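Working notes, structure below.
The values are calculated or read from the model by the stated rules, or taken from the named source; none is laboratory data. Just so it is clear, the structure is predicted and the values come from calculations on it, not from any experiment. Positions of Cβ are backbone-derived with ideal geometry, glycine not excepted, and every protein chain shown enters the neighbour counts.
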Amino acid sequence: TSTGSITVLGLGPMGRAMVTAFRNRGIEVTVWNRSPDKAEAMAEFGATTAATVAEALDANEVAVLSLTDYAAMYDVLNQAANHLGRKVIVNLSSDSPERARAGAAWVRSHGAEFLSGGVMSAGDNLDHPASYLFYSGPREVFDAHAGLLRPLGPQEYLGVDDGLAQVFYQGLLTVFHPWLLAFDQATAMIAQSGHDIAQFLPYALRSNAAFPYFMEAIAARNRTGGHAELAGLRMMHAGARHIVDASAEVGVDAALSRTAEAFWHNAIDASARLGRPVSTYELMRTPGT
Ligand code: NDP
């Protein structure tokens, strides 16, 4: 079981936020970072600096990794692989589910326990009310250390598949990234049309209220294969053209909307070829339909 102390390996913006979160709850923290200046800067928050990865692993039973990706995990832990025995490695770095699963197997082959996690935070603001963490891996390992890890934020344990935290994490970012870019495009269109983004904002916020309705409807539809109606596909295709035109009229890059337009177009095409409506969901599941 966990004690009130932990090691943090990796001190980018997220790792630093984690150190602060642990220290604010009175947990002793030992830190290590590839570039030592970032580790030294954590002394201000009462963290202990380890000179080597081996020293950092030796200091505590549990080590949290906050690195760019899983490749960085091997770079870091290979510096002290013979210090992994009986440790608990909690990797909160982002990467693909398959890389998380392979990383889990690699860590366990060195005698340590492993949990994979994804930080669903509003930027590096762990204290934001919308921030929480996904975890996956052995339930008993999560249960044994959930208390120690709790200062990082509310926890969602998803299941035993080591890749699951990253499946959900990347799933949510799949939605978030186009949304961010779409908001850039929309606000560029407003501004280039000679209007004020501030006047637009309340309506953008208001449209948020409709998103849960669409998420629930689409989830229900896609769980059963994702049916489509031709009239709906045609309506969306025509709509996509208007979005592209509205951006293009004022010189705004409409590449994102052209991609959307292509999906509706391809769905209509596939529907004609197969003689039944083909949804964009089906197209994505079986590219080349
Ligand atoms: P980065 O993704 O830039 O991670 C930086 C850390 O990784 C630094 O400590 C860096 O060391 C280290 N690192 C990278 N490559 C190596 C390597 N080959 N060997 C050793 N150390 C390496 O910044 P963040 O802190 O922002 O993110 C950490 C993780 O958290 C990422 O997976 C990110 O996707 C995720 N995340 C981040 C959020 C955010 O808002 N920041 C939000 C949610 C998740 P050095 O200092 O020496 O360069």
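What to note about this one:
- Checked against (1) surrounded by fewer than 23 Cβ atoms within 10 Å (Cβ to Cβ); (2) more than 11 Å from the ligand (Cβ to nearest atom); (3) assigned to a helix (DSSP H, G or I), Lys38 meets all criteria but (2).
- Members of segment 245-262 that are surrounded by 19 or more Cβ atoms within 10 Å (Cβ to Cβ) and not in a loop (DSSP other than H, G, I, E, B): Ser247, Ser257, Ala260, Glu261
- For Phe183, the stated conditions do not hold, so it cannot be described as within 13 Å of the chain's Cα centre (by Cα) and aromatic (Phe, Trp, Tyr).
- Residues in segment 124-149 that are without any contact (Cβ under 8 Å) to a residue 60 or more places away in the chain and either in contact with a Cys (Cβ under 8 Å, 6 or more places away or on another chain) or farther than 14 Å from Gly163 by Cβ (or both): 12 in all.
Let's see how each residue does on (1) more than 21 Å from Phe134 (Cα to Cα); (2) without any contact (Cβ under 8 Å) to a residue 12 or more places away in the chain:
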site: Gln170; (1), (2): no, no
site: Phe176; (1), (2): no, yes
site: Thr187; (1), (2): yes, no
site: Ile197; (1), (2): yes, yes
site: Phe200; (1), (2): yes, no
site: Asn208; (1), (2): yes, yes
site: Arg223; (1), (2): yes, yes
site: Leu233; (1), (2): yes, no
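- Among the candidates Ala100, Ala122, the residue that is in contact with a Ser or Thr (Cβ under 8 Å, 6 or more places away or on another chain), under 20 Å from Gln155 (Cβ atoms), within 16 Å of the ligand (Cβ to nearest atom) and at pLDDT below 95 is uniquely Ala122.
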